[in-house]
Each structure stands twice: as structure tokens, then as C-alpha cells.
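As C-alpha cells, the structure follows; a few thoughts come after it.
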Amino acid sequence: MRTFGGTRQWEAFIERLRRHRLLGRVARQVDRTWWAWVILRARVVDTAYVSAQLGRRVGVVGAVVRYVARGYGRGLRLNPLFVDTSVGDHLPDAHRVPALYAYLIADPRRLTISPVWDAAGYLERHPARAAERGGAVGAAWRRRNIESLPIDPPAGPPVPWSHLHSRVLDATSRARRGQTDAESWNRSGRYVGVEYFLILDADEWDFDESIALAAELAGEPDSGVTIVQRGGRVEDWAQTVLLAEATYNIRAIRTSGSTPASESIDLADGCHAEVVVWRGPNVDATADTLRGLAATASRGAVVGPLWLDGDGTIAAAGAASEGRLLAGHPREDADELPGAPDTAPPAIAGATFAAPRTLATFSRVDSADHAAWASLDARLRGIPVSVRTDVSVRTRSVAPLPDLPAGLDGAKDLISAAGWTAVADGPMPRLRRRLENVTLEDGMVVPSLRWALRTAAPVGPRGEWWGDVHFARALADALRKLGQNVVVDAYPARNRSTRHLDDVTVALRGPEPIDPSPYGLSVLWIISHPDDIDLRALSGFGLIYAASTPWAARATAESGRLISPLLQCTDPSRFRPSGRARTSDIVFVGTARGIHRPSIVEPVRAGIPVRVYGPDWRGWIPASSIAGTGVPNADLPGLYESASVVLNDHWPSMQRHGFIANRPYDVVAAGGRVISDEVTGISEVFQGAVATYRTTDELLDLLRGDLDDAFPTPEHLADVSRTIRERDSFLARARTLLHDVTATLG
């Protein structure tokens, strides 16, 4: 277990010991004994709850021994107030060690440990309890018969813990025996607003997020939530029941895993809402998305979101008898549909949609893809049908589209109106984008090409932490200002079926390889991780760039291919001075990367007050130094400008090879100051706005001294900021790319 203040050498030794063929068994047993001792001392084990999960009575010691041996990896939970899977990546080694143990030895403040109750908020209201044994879990557990469960229900008095506990134990026992349960009701009144139905499959890809979504939606006035859990883990059902019993306008229904959701619910029973919103299984949808669908349906329409596949491409922007509209296309292509962001395909597709209550008849609907049938019913009644392309949901897998009547055609007309032309042969879909020329502000006439920017980033919320994602989006916006049609692909979509539609593919090379496309012109821009570049893999790219002048020169000589320097850049429309006063804050924004980052860890250890924003810093620095798990992108420019200084460091390979990171460009463009490790060329680029160090001692000396003495005058810094915004903007880089690409294509 990583702990703040421990030595890296000792941790490395312990890890080698655990992997040893003979001694590893002893080390692992010592680990388990220590885990058990820590958990026993916390006194948070609910033996009745554990017994209900196992189907036989166990004592405290027996429950803990089973948990630390194998139970924690198989879903066993020791207390209904602590959900192991909710801890996620916010605790170090939480996936290697029992999550409850990881929590008990960590600082519990600002930690999410359950989708049902707000443990972080609980400790904010009672800060002294953070120091109690067991943190929020221990404090709430010891007071359960006095204060009940610390859930803030939308309305009504708090529910006594004795009732909640009894219902959780009963539901757990029934689910373990394979019984269904439609009795978990805690309703009062008839609804005249919105009823949200959340369908959870047995293999729901993020159960905790779904339950947290239900809790958020239940907080709305004049609304109700029905959770339908189709089989699944016993311990998950216990959380569903706990939330439903503690919150007056949630009901919970458990069915067998093989029962279609449409056959397991009689919506006429207990549902009197004006609008019904249906969120299908294994769908990633935010509360704002569902609220937006409800608002459209309240105006008398059946509406669905843009439906995305697991790789981030479009699963359907509607449906017709010809099939799913724009299936396999990048998300940006939906913006080309006529009427977007509220387009009107013949039918909607997917398992998520909203409809007026009078249309919410699902008796003939298959649970996997029933929006198309709801659309058909609406069409027959003269009700408008639409897809909102400005909101989206994402699913892990796409079920086959049910056969639709031939009358639901019209996809060809929509495709044509979007600027696509069907051709007789070629890859599916057999479409081509009509090529047009555009005249730029300087009078230059260029073709409006279709560009695909490919990154190594994952899809969804995890990808938002990748700088590559925001880099690609900013570059896409710059190219669009030059009249280009641009889409951005996450790493799972790098080989999407519609690559043949792209005229230019730009591989923004990071830690993972991206092969050249077999279609159009392929461009490689190496922006990080140069040690992972195999020069033999340059084959197939028509143009090659690198964000390092010295590396580009060296790689050109070694490979025999021209590699042009094209450095990192910034978006001056976002990162520009706004007149904020400079504070005394020393700031860092980024992830821990799972490694020891001396530029952040060492100043904190030395007692320097660094404000760190990032999701995975626990175990490396104290919780008191973590200002937040992230910063909204809209707030970054102001944070950078107002900080006394922003810390920056580089991956070792980037530092060795002269790859300057993107962060200094953004900070200096916003009017901020940076302290960074030394990289070849950084002083010349930033002309004093970035102070550098070579050793940890030099870094600490800088931070302990007068920071104003480490940087030029405010007037000089303003000049440098202006230069960066003009010379090193994404628009400047986009002009270079467009010039070189059009010259290459002739």
C-alpha cells in the first residue's frame, strides 16, 4: 500500500517480495492478516448484512476473514454504508487490496464511498468525525440508531435505521434465493410531472452510476423514479432497496434476468406522470440528458437522444426501414442532419427515449431496442418524432434493430440533405461527401476536406482527463475556422467502418500506436512519448511532424523521412488574460499517473502549500493538499491567470528529447507563470515566463523564495503572453497543416 512519506525503494522491495515464487505466499498472508486487523479495529462490520449475503450466520471475525481472503474480489460487502466499487480510482491500490481497508487507512475527507449517501458531505457537516475510527462509515454506523442513515430525502421525514436495515436484510435474502421483488415502494401522492424508468441489466456496466443517477433525479420536485433491476448481484440489489426505502419518490422492482423489461412492468400501475422517460440497460446517460428529453416530450413529442456505441461512434441518429441512421459515423456527422440539433428521422432507435404518458404503451416492445416501435405508434397517431443530436447516451453494445415496416423509410432523403451522396460501389456505407471549395479571409481558395483527428484517449469521462482530447478538439475548431470538415475519434474508434469517408487522417500520436488509414492522406503528429515511436512505423504516412525541434532533426537523419517540427500550441479564444489579480496560490492540475512525480510530491513533503487538482493523488500526498478531483475546462484560464505560479513537469522521455508540454502554452497565454523542469528550447520559446529547474533542491529553492524575483516584470510577461497567443495558436498550426496537406494532394 502506498503511503504518504514512505520511500519508493521500500515499496519496490515489497512488490518484488510479493512476486517471489516461495516468499510471495508468506507476504500475501501477512498482507491479509494486516488488512483483517485494520478492519476489525474499525468496528464497522454488519454481521447480519454479511450473513444475509452468504445465507448462513457468521460472526465478525468470520466475516472479515472471508472478506480479506477472496470475498472482496467477489462482491462481498461488510457494511451497507460502504460500496467497494464506488471508491474507484480515488484510493491508491484500491483494486489490489480490499477497498474497505484502503479507505480505513486513508484520509476520508472528500471521498465517495456509496451511490446512496453523500459521505463527503456528511464529513463536511461534521468535520470532527473525519478523525474518528472508520471515518464517515464508522461515524454514521455508530450513530445509526440515533441519527439514522445520513440520506437527505427530497421530502418527508427521515426513515428510521431499524426499518431501513430490516428491508435491506429481507431484500438481500430474497435476492440470494432467486426471488423477484416488486414490493419496495415508498410512495406518497400521484405525479403530474415526469416519471423516470431506469432499467438495470444483470451485467450493468456501471451500477453505482445508475443508482447515483436515480438519487439525483429523485431530488427534482414533482417527479418519480422507478428502478427496474433485471437480476444482477445481490449486494447491488441491497443498495437499490436502501435508496428506495430512504427516499419517498423512488420505487424498486427486481425481476429475473431473462424477463424483458417491457413484460415486467405495468406502467398503468402507480404511474400517473405526464411524461415518461425510459433509460435502457447498460446506457451511460446523464441527468441533464434525461431532463432535456423530458422537456421536449412535455411539448407533445416522442424524442430520443443521439445514440452512441461503446467506441464513441454513432450507433443511431434515428432509424428507418433501411436501418440505423449514420451507424458507424463519428458523432460530428449528426450535426449535418437537417434540423439538427432537433432532427426528425422516420423513427428513433435505442433503449432510451421520452414520450407523453398517453404514448407510453410498451406491451409490444422488445426491451433492447424499443424506441423504434414507440416512434411507429407516435407516427400513426400524428405525434411528432425527433432525435436531439445535441444530447447523447452511450451503450456498451448495440442490439440488432428489429424489423421495421417498409413505410418507415426516408433515410436516403436525410442523408442527401446532410450533404452526402450515395454511390454504386465501395465500402459500406456507400456514401461520399460532396467536395466544395471555400474562400478564406485572406482570399485564398481551398478545398473543404474531411479531416479525422485520431487520439490515443479512451471514450467517455475517463477521456476527459486526457490532454490529447482537448488538444484534438481545439485543433478541430481551428481547422473548421479554415472551412474544413473535422471529426475527432477516440482510440477505440481508430479503425471505424467509415474511414473511407475521410480525406485526411491526422494521428495525434501519444502513448499508443495509431496506424495510417488505408484511405486518403495520412498525417502523423508526434506530440508525446517519443520513446514509444518505432521509426519503422512511419511508413504509410504522407506527412510527419513532431512537437520537438531536436527530436525531429535526429529522427529525420535516422529514418530518411522528412519529419518537420510542429510544436505544441494553445487556444487564445480560451486562454487569454482577463484581468484577474494574482494570488499566492501554487497550483498543479493533472493526474498522478500512478508514479512518483517529484515536482508535486516533494514540495508538498517539504511543507510548501501546493493546491493540487486531480483524481488520483491519494496515497501520494495528504488529502489536505488536494483542492479537488478536477477543474472544469471553462475555469482553467482563470485558475492559471490568478495563480502565483503553476507547476509543470514532463514525462522523462519528453524531457530528454525536447518535447515541451502543452500546459506552459496554456498558462502563459492566459497571463500566468510556470515553474517547470528543464527541457531543451523551453527558455527560448517562453522568454522568461517559464522558470526552470534541474534538481528537486532547485525547485524547492524557487518555491521558498520570492516568486516575483523568479520572473520578469508584468509588462514583459504580457508581451510574452501576446506572442504565444499569436505565434503558437491552434489556428497557426492548422494553417500549416492545411497548407502542407493541400500542397501534397495537389
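Read the figures in this text as sums done on the coordinates, not as results from a lab. All of these numbers come straight from a predicted model, not from anything done at the bench. All Cβ positions, even for glycine, are placed from backbone atoms using ideal geometry, and neighbour counts span all protein chains on display.
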Open item on the list: Sorting check: for 126-137, 710-721, which peptide has the highest mean count of neighbouring beta carbons within 10 Å, and how do the rest follow?
Closed with: 126-137, 710-721
Task: Protection proxy ranking of 239-252, 675-688 - average other beta-carbon atoms within 10 Å, highest first - done: 239-252, 675-688
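Does the stretch 523-677 come out rounded, prolate or oblate by the C-alpha gyration tensor, with a ≥ b ≥ c the root eigenvalues, rounded set by a/c under 1.5 and, if not, prolate when a/b is larger than b/c and oblate if not?
Since a/c reaches 1.5 and a/b is larger than b/c, the shape of the stretch 523-677 is classed as prolate.
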- [ ] Kindly give the semi-axes, whole Å and largest first, of the ellipsoid equivalent to the chain, taking each as the square root of 5 times a Cα gyration tensor eigenvalue.
- [x] 44, 39, 23
TODO: Write down the percent of antiparallel bridges among all DSSP beta bridges whose residues are both part of the stretch 586-727, to the nearest 5.
DONE: 0 percent
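For the stretch 437-565, what is the convex hull volume of its Cα atoms per residue in Å³?
Details: hull volume 14.8 nm³, N = 129.
Per residue, the Cα convex hull of the stretch 437-565 comes to 115 Å³.
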Open item on the list: Can you give the FRET efficiency to the nearest 0.05 for residue 464 and residue 580, using r as the Cβ-Cβ distance and R₀ = 25 Å?
Closed with: 0.55
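Give, in nm to one decimal, the length gained when the segment between residue 409 and residue 43 is fully stretched (0.36 nm per residue of separation minus the Cα-Cα distance).
Going from the current span to full extension adds 125.4 nm.
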Open item on the list: Placing +1 on the Cβ of each Lys and Arg and -1 on the Cβ of each Asp and Glu in the chain, which of 135, 522, 196 has its Cα farthest towards the positive end of the resulting dipole?
Closed with: 135
Open item on the list: Given points 7 Å out from each Cα along the Cα-Cβ axis, report the residue 29 to residue 322 separation in nanometres with one decimal.
Closed with: 6.9 nm
TODO: Work out, step by step, the length gained on full extension between residue 441 and residue 287: first 0.36 nm times the residue separation, then minus their alpha carbon distance; give nm to one decimal.
DONE: 51.3 nm
TODO: Just need the Rg to Rh number for the stretch 106-151, please, alpha carbons only, Kirkwood Rh.
DONE: 0.91
- [ ] Kindly state, to the nearest 0.05, the FRET efficiency for residue 713 paired with residue 606, given R0 = 30 Å and r defined as their beta-carbon distance.
- [x] 0.60
Task: Packing-based order for 306-315, 164-173, using average beta carbon neighbours within 10 Å, highest first - done: 306-315, 164-173
- [ ] Within the stretch 313-344, find all residues whose amide N lies under 18 Å from a label point positioned 7 Å from the Cα of residue 423 along Cα-to-beta-carbon.
- [x] 329-330
Task: Rounded D (µm²/s) - the stretch 637-724, Kirkwood Rh over Cα pairs, Stokes-Einstein at 37 °C, 0.692 mPa s - done: 253 µm²/s
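Only helices at least 27 Å long along their own axis, judged from Cα atoms, and with Kyte-Doolittle mean hydropathy of -1.0 or greater: name those in the chain from DSSP H. Write out the running numbers ahead of the final one.
Working: long enough: 23-42 (29 Å, 0.06).
Once both thresholds are applied, what remains is 23-42.
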Open item on the list: Give me 37, 117, 278 sorted ascending by neighbouring Cβ count inside 10 Å, so fewest comes first.
Closed with: 37, 117, 278
Task: Rounded to 5, the percent of DSSP beta bridges in the stretch 437-565 classed as antiparallel - done: 10 percent
- [ ] Report, in debye and to the nearest 20, how large the dipole of the chain comes out about its Cα centre when Lys and Arg carry +1 and Asp and Glu carry -1 on their Cβ.
- [x] 2380 debye
Task: Cα→Cβ-extended label distance, 7 Å offset, between residue 536 and residue 557, nm - done: 2.3 nm
TODO: Quick one: work out the % antiparallel among DSSP beta bridges in the chain, nearest 5.
DONE: 25 percent
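If r is the Cβ-Cβ distance from residue 732 to residue 105 and R0 is 51 Å, what FRET efficiency results, to the nearest 0.05?
Result of the calculation: an efficiency of 0.55.
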